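The values are calculated or read from the model by the stated rules, or taken from the named source; none is laboratory data. Keep in mind that this is a model prediction, so the values were computed, not measured. All Cβ positions, even for glycine, are placed from backbone atoms using ideal geometry, and neighbour counts span all protein chains on display. Please note that ligands, DNA and RNA were not included when accessible areas were found on the heavy atoms of the full protein model with its side chains. Shrake-Rupley method; radii C 1.70, N 1.55, O 1.52, S 1.80 Å.
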Amino acid sequence: MTRVRMAVSALEAAHLTDVVLQFTDLLAESIDGVDDPGVARLVPDGYRDAPEDAAEFRRLTQDDLLDRRRDDAALVLVTLQRDGQTRRPQDLDRADAEAEVIVELDAGAVAAWLRTLTAVRLVIATRLGITTEEEQDDDPRFGVYNWLGFRLEGLLQAIED
């Protein structure tokens, strides 16, 4: 795969940055164990019918899995920087918010984006109790979940192109 280029508005890039920073904060809070059900979804059980084996599998794999999630999120944040600066929505004025930002990703960054956006959606789905696409309602938090799905779809389209 060659480099993938995506055009997003500066405001969208800032919102993505904000969401990924919140995700990294959540992961940082989970360093000593996985008490958060959303984070627990990121560290799946290896054995569904054997609780003791599942606990051992989780003990052996969760640190590496969460470290990879942290590394992926850090790479996503780097690719969203403009002029070496991390910008959040509150940092933008109206004119800057509408500016187009080209996000250029190599194969490693594409993989990090796919894993990170999927992980954030898993955390949100857990918090909202989403188990199927049909379960969405008028709760505005579903908007973020759907928007991240749209961004994932856009990334897959950019890969295909």
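Phi angles of region 43-54 translate, via the Karplus equation with coefficients 6.51, -1.76, 1.60 and θ = phi - 60°, into HN-Hα couplings of 10, x, 6, x, 9, 6, 9, 9, x, 5, 5, 5 Hz per residue; Gly and Pro are given as x.
Net charge of the neighbourhood of residue 71, taken over other residues with C-beta under 14 Å away and scored Lys/Arg +1, Asp/Glu -1, is 0.
When the chain is treated as a GNM with alpha-carbon contacts under 10 Å, the residue of 49, 106, 35 showing the greatest mean-square fluctuation is 49. Ordered from largest to smallest accessible area (heavy atoms of protein chains, 1.4 Å probe), the residues 57, 150 come out as 150, 57. Residues 153, 52, ordered by accessible area of protein heavy atoms at a 1.4 angstrom probe radius and largest first, appear as 52, 153. One entry in (i) 141; (ii) 186; (iii) 156 is volume of the Cα convex hull per residue in Å³ calculated from the shown coordinates; its label is (i). Rounded to whole numbers, the Karplus 3J(HN,Hα) couplings from phi for region 9-26 are 6, 4, 5, 5, 4, 5, 5, 4, 4, 4, 5, 5, 5, 4, 5, 5, 4, 4 Hz, using 6.51 cos²θ - 1.76 cosθ + 1.60 with θ = phi - 60°, and x at Gly and Pro.
Here the accessible area of the chain is 48 percent carbon and sulfur, with a 1.4 angstrom probe and all protein chains present. 3J(HN,Hα) along region 100-112: 7, 10, 9, 9, 10, 10, 8, 4, x, 5, 4, 4, 5 Hz, from the Karplus curve 6.51 cos²θ - 1.76 cosθ + 1.60 with θ = phi - 60°, whole Hz, x for Gly and Pro.
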